[in-house]
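Before any comments, here is the structure.
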Amino acid sequence: MRKLWKFKAIDKAIRLYMLIKGSPFQVASDLKNINPRHIVIFSTTALGDFLFNTPAIRAIRERFPEAKITLVAHQKFSDFVQNGEDWDQFIPWNNKAITLSGLIKSLKKSPKPDLTLLLHSHEPYDYIAALLSGSKCIIKDNYFDNFQLRDKWLSEYTIGFRGHIIQRKLSLVQSLGCDISNIEMKMPMTVSQKCRNDSPVIGFQIGASTSERCWSPKNFATVAASLLSTHLTLSLILIGGPGDKNRADDFMQHLPEVYRDRVTNRVGNTSLAELTQLLNNFDLLLTGDTGPLHIAVAVKTPTVSLFTTANPFATGPFQNPELHDIIYVSPKKSHQHHAHIMDVIEPKVVIDKINHRLESIKNMFNREQA
């Protein structure tokens, strides 16, 4: 393991701290009968990770309705999470060691946590914060197994789980006696009612969190040209982050000029709240495995999602399978001639999936009109 020396040094520091404070850590054994007054939940990584955690967080809220729940999440999602109904207090944190003391200070303004859930966060700083804030019980979703320097501080953790991440988190909180039957992700912010578009509107998520999950702008343009030539009232909206602006420009260059006035470019100029509302009102989203996919799934917008290096059985749409089409092509030796790994997904396959989905949307609209 990388930086083993750091974990050993941290372990010695924690043990010295506990000795000085005179409060040795006790691992809780009877988790199902725990009665916490204050629960701290860490979910400090990507937006999709946070949404995957929301079914487990809701299950915790329902299991312990009288407890005070503090959510620790990344500061860049502050506007998105601060008013969620499944927690009483939100503390922003950027996962950095340099800001750890400030996080611990914020946690100590409330009573000591009786329970800390580390659903997805950066170690060792996450369990350090839990220990130094005085948490009596720490439960963590480990992403690598059998590491004693960390595991000895934990009351419960996952070992060798295989399945969707939503199932993984729910399995973890099941140890606390939670009902884990509800797998639907929950939006922490208010989303307006879906509007009925007069003609189909499709969103193209042009980028992703990593380059290996990005389909080429040329491929997106090929799909767009086919759809716009077939569906004469169809319009497209490009979405993405500020770092995707060059990809959007490349897309427009590859798209025949005759279709460009039917494409709206919103890449890099939407807040998270505005992006959520756009996703809510799309008739369909074409995307790789990235945050907007998971927002679309949460607000029940149909999607066509593209996977190669990512595993759709772990991070793809999990709820409402009838709304979502997954295109998964596992890389092979015969694909090595491709310049980019996502190019193994051919535009024709995507066009066929979208056309089929648009036909379903059209039929549903006709039934509603009848």
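The values are calculated or read from the model by the stated rules, or taken from the named source; none is laboratory data. Given the structure is predicted, the values throughout are model-derived calculations rather than measurements. These area figures cover heavy atoms from the full protein model, side chains too; ligands, DNA and RNA do not enter into them. Shrake-Rupley method; radii C 1.70, N 1.55, O 1.52, S 1.80 Å.
Could you pull out every residue, at least 5 positions away or on a different chain, whose amide H is within less than 5 Å of the one on residue 142? Hs are placed 1.01 Å off N in the peptide plane, and Pro or chain starts have none.
Correct list: 158.
Compute the long axis of helix 165-174 from its Cα atoms, compare it with the longest principal axis of the Cα atoms of the chain, and write down the angle in degrees, 0 to 90, nearest 10.
30 degrees
Taking 8 Å as the Cα distance limit and 6 or more residues as the minimum spacing, I'd like the relative contact order of segment 52-167 as a percentage. Intermediate values should be presented prior to the final figure.
Values: 127 pairs, mean separation 23.3, N = 116.
Normalised by residue count, the contact order of segment 52-167 is 20 percent.
Using a 1.4 angstrom probe on the protein heavy atoms only, line up 189, 18 by accessible area, largest first.
Numbers: 189 40, 18 20 Å².
Descending order: 189, 18.
Using Cα centres only, tell me the gap between segment 43-75 and segment 237-283 in whole Å.
Cα centres, segment 43-75 to segment 237-283: 30 Å.
Taking θ as phi - 60°, what are the ³J(HN,Hα) couplings along segment 280-297 by the Karplus curve (6.51, -1.76, 1.60), each to the nearest whole Hz, with x for Gly and Pro?
5, 9, 5, 7, 6, 10, 9, 7, x, 7, 7, x, x, 4, 6, 5, 4, 4
Let me check something: with ligands and nucleic acids excluded, how do 157, 127 order by accessible area (1.4 Å probe), largest to smallest? Each step should come with its number before you reach the end.
Numbers: 157 70, 127 0 Å².
So, going from the largest accessible area down, we get 157, 127.
What is the distance in Å between the Cα centroid of segment 154-170 and that of segment 173-200?
21 Å
Under the rule of at least 5 residues apart or a separate chain, name every residue whose amide H is placed under 5 Å from the amide H of residue 40.
70, 115, 116, 117
Report the antiparallel proportion of the DSSP beta bridges in the chain as a percent, rounded to a multiple of 5. It would help to have the intermediate numbers written out before the result.
On the way: 0 of 41 bridges.
Roughly 0 percent of the DSSP beta bridges within the chain come out antiparallel.
For segment 1-136, what is one quarter of the convex hull surface built on the Cα atoms, given in nm²?
Hull-based average projected area comes out at 8.9 nm².
What percent does the relative contact order of the chain come to when contacts are Cα pairs within less than 8 Å and at least six residues apart?
On the way: 622 pairs, mean separation 54.9, N = 370.
That works out to 15 percent.
Return the carbon/sulfur percentage of the accessible area of the chain, one whole number, probe 1.4 Å, all protein chains in place.
Working: 8970 of 17630 Å².
Percent of accessible area from carbon and sulfur atoms in the chain: 51.
Accessible area per residue, 1.4 Å probe, Å², for the chain: what's the number? Spell out each step's value before the answer.
On the way: 17630 Å² over 370 residues.
Solvent-accessible surface per residue comes out at 48 Å².
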